[in-house]
Amino acid sequence: MTVSIKRLNASQSDFDSELAKLLAWDDSVDHQVNETVRHILRDVKTRGDQAVLEFTEQFDRLKVASVAELEMSQRRLQEALKAIPETQRAALEKAADRVRDYHERQNQKSWQYKDEDGTVLGQKVTPLDRAGLYVPGGKAAYPSSVLMNAIPAKVAGVGEIIMVVPTPDGVVNDLVLAAAAIAGVDRVFTIGGAQAVGALAYGTETIPAVDKIVGPGNIFVATAKREVFGTVGIDMIAGPSEILVICDGKTDPDWIAMDLFSQAEHDEQAQSILISPDAGFLDAVEASINKLMPTLERADIIRISMADRAALIHVADLSEAANVSNRIAPEHLELSVEDPEALLEEIRHAGAIFLGRYTAEALGDYCAGPNHVLPTSGTARFSSPLGVYDFQKRSSIIGFSAQGADRMGRVASVLARGEGLTAHARSAEYRVKSHE
């Protein structure tokens, strides 16, 4: 069964409206989901451990006497690391090394300077005390997500990382636990859903409250993160996965088709877009899509994603391709062209940018080094990949000398009185020498 991919041409009169339709995604949350999540969060906030136990039994069919029984020991994490095949362990360790090396280069330092009258100004960078990491469980196994979220927190100097992962029917995924061991996660609780988010946000008798919650989850987890934002920080509310490929028409069309599939296989709402000035190449890639799709294990998901949300866009040249890409601000952007560095100069908005024909987006998902937690749904226009800076905060340092307080106190006085805030003004004026 062939799939007909939507075709757009940047020169057509209705291109803007058609592009808007293509990108439209309903991120509204079902009223019932909202109510369910709010009920769970209220219950966890007020009843703590007991609520967590009841929801874990209800949703994960896991009955235990105490939340303490849901905590995985460090010994258990090490056992998981020993239990997985050596090839998997080696791959996890290599990926972790690259992720750690990249993020160590992001580490911010505190700084200070003195101005001409001896006043000290600066910035103090401090890590969060505690971070919470949500990891999907059940049939899903995302050890790469553990590495990408936990390692930047460790590099930032976070005091304690608390991981939560659901284990429906008590089924534990050793690959996820092994990744937690490699990444240095401090505590792991086998709970999930909105109740896990609530426990991390508010704290219970057994699970400590955290300062920030990161990591992907289903609609209930995403809704819960949205609800607790303000009590704690969160990384982002992620939409469906996205990939945009700009190609000059000289890359193997099978390669490009498979790159598009790499995001389409996530779920039916994922979006895969190819932009090229070569109309014949668009035809060739569409042929590859229909040739290769039946060979894939997740073909049913990919078929729906490609039919509903994919597009092949014809442009006049690579410069116009960059312009269209900037309007889309994709999560993942591949520059599969002869001179990617030159085209990079024209790219302003993208979560991660992959340079050249040999740089498959999948490498970035697992082992390139940069973080795979990226802004989606056009939010790359104003936000960035997860990084060390997301687990650090900055405090301003201000230390006036007597001379500085005299000089700048006069300025503050004028501005404060202009705003009608006389206590502000008088507070500054007390340090002005003529006031003495």
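Rule-based calculations on the coordinates, nothing more; no lab input. All values reported here derive from a predicted model rather than from experimental measurement. We place every Cβ from the backbone using ideal geometry, glycine too, and count neighbours over all the protein chains shown.
Per-residue ellipticity at 222 nm for the chain, helices alone: DSSP H runs ≥ 4 residues times -39500 (n - 2.57), over residue total, nearest 500 deg cm²/dmol? Can you show the working numbers first?
Numbers: 17 runs with 195 residues, N = 436.
When only DSSP H runs of four or more count, the value is -13500 deg cm²/dmol.
Please go through the residue pairs Lys63/Lys94; Lys45/Lys82; Lys6/Lys250; Lys6/Lys291; Lys45/Lys124 and name each one whose alpha carbons sit more than 27 Å apart in this structure. Let's see the in-between values first.
Numbers: Lys63/Lys94 37 Å; Lys45/Lys82 37 Å; Lys6/Lys250 22 Å; Lys6/Lys291 17 Å; Lys45/Lys124 33 Å.
With Cα atoms farther than 27 Å apart: Lys63/Lys94; Lys45/Lys82; Lys45/Lys124.
How far apart, in nanometres, would the label points at Arg42 and Ser396 be if each is projected 7 angstrom from Cα along the Cα-to-Cβ direction?
4.0
Taking 8 Å as the Cα distance limit and 6 or more residues as the minimum spacing, I'd like the relative contact order of region 310-395 as a percentage.
Taking the mean separation of contacting Cα pairs over the length of region 310-395, I get 27 percent.
Any idea which of Leu386, Ala405, Asn326 is furthest toward the positive side of the dipole for the chain, if Lys and Arg beta-carbons carry +1 and Asp and Glu beta-carbons -1?
Going by the Cα projections, it comes out as Ala405.
Gaussian network model of the chain, Cα springs within a sub-10 Å range: biggest mean-square fluctuation belongs to which of Gly137, Gly418, Gly157?
In this elastic network of the chain, the residue with the biggest mean-square fluctuation among Gly137, Gly418, Gly157 is Gly418.
List the aspartates and glutamates whose Cα sits under 15 Å from the Cα of Lys393, skipping any in the same chain fewer than 8 residues away.
Within reach: Asp129, Asp211, Asp235.
Using 1/(1 + (r/R0)^6) with R0 = 56 angstrom and r between the beta carbons of Asp186 and Val432, what's the FRET efficiency to the nearest 0.05?
Numbers: r = 51 Å, r/R0 = 0.90.
That gives a FRET efficiency of 0.65.
State the Cα centre-to-centre distance between region 206-228 and region 87-147 in whole Å.
19
With +1 on the Cβ of every Lys and Arg and -1 on the Cβ of every Asp and Glu, and nothing else charged, how large is the dipole of region 150-250 about its Cα centre, in debye rounded to the nearest 20? Write down the numbers at each step before the final one.
Values: 6 positive and 10 negative charges, 31 e Å.
So the magnitude is around 160 debye.
If I build a Gaussian network model for the chain, linking alpha-carbon pairs within less than 10 angstrom, which residue out of Lys393, Lys212, Lys114 has the largest mean-square fluctuation?
Lys114
Measure off 7 Å from each Cα along the Cα-to-Cβ vector at Glu104 and Glu297, then give the distance between these two points in nanometres to one decimal.
Each label point is offset 7 Å from its Cα along the Cβ direction, giving 3.4 nm.
Along the positive direction of the dipole of the chain (beta-carbon charges: Lys, Arg +1; Asp, Glu -1; about the Cα centre), which of Ala416, Ala362, Ser13 reaches farthest?
It is Ala416, whose Cα lies furthest towards the positive end.
Can you find, among Leu70, Thr206, Gln269, the residue farthest towards the positive end of the dipole of the chain? Put +1 on the C-beta of Lys and Arg, -1 on that of Asp and Glu.
The Cα lying farthest towards the positive end belongs to Thr206.
Using R₀ = 45 Å, calculate the FRET efficiency as 1/(1 + (r/R₀)^6) where r is the Cβ-Cβ separation of Gln88 and Glu341; round to 0.05. List each step's numbers first, then the result.
Working: r = 35 Å, r/R0 = 0.78.
About 0.80, to the nearest 0.05.
Residues of region 113-139 with the amide nitrogen closer than 20 Å to a label point 7 Å from the Cα of Gln403, along Cα-to-Cβ, please.
The answer is 113-122, whose backbone nitrogens lie closer than 20 Å to the label point.
Report the FRET efficiency, 1/(1 + (r/R0)^6), for Arg76 and Phe15, where r is their Cβ-Cβ distance and R0 is 51 Å, rounded to 0.05.
So, using R0 = 51 Å, E works out to roughly 0.40.
Give me the compactness ratio for region 360-426, meaning the Cα radius of gyration over 2.2 N^0.38 Å. Show your work: numbers first, answer last.
Numbers: Rg = 22.7 Å, N = 67, 2.2 N^0.38 = 10.9 Å.
Against the compact-globule rule of thumb, the ratio is 2.09.
Can you tell me how much longer the chain between Ile237 and Glu268 gets when fully stretched, taken as 0.36 nm per residue apart minus their C-alpha distance, in nm with one decimal? Write out the running numbers ahead of the final one.
Working: separation 31, 0.36 × 31 = 11.16 nm, distance 1.81 nm.
Gain on stretching Ile237 to Glu268: 9.4 nm.
From the list (i) 107, 47, 37; (ii) 87, 61, 44; (iii) 63, 58, 45, can you say which value of Cα extents along the principal axes in Å was derived from the structure given?
Answer label, from the structure shown: (ii).
Can you tell me the relative contact order of the chain? Whole percent, Cα pairs under 8 Å, sequence separation 6 or more.
20
Give me the dipole magnitude in Debye, nearest 20, for the chain about the Cα centre, with unit charges on the beta carbon: positive for Lys and Arg, negative for Asp and Glu. All intermediate terms of the calculation are to be shown ahead of the outcome.
Numbers: 44 positive and 62 negative charges, 357 e Å.
Using only the charged Cβ atoms, the result is roughly 1720 debye.
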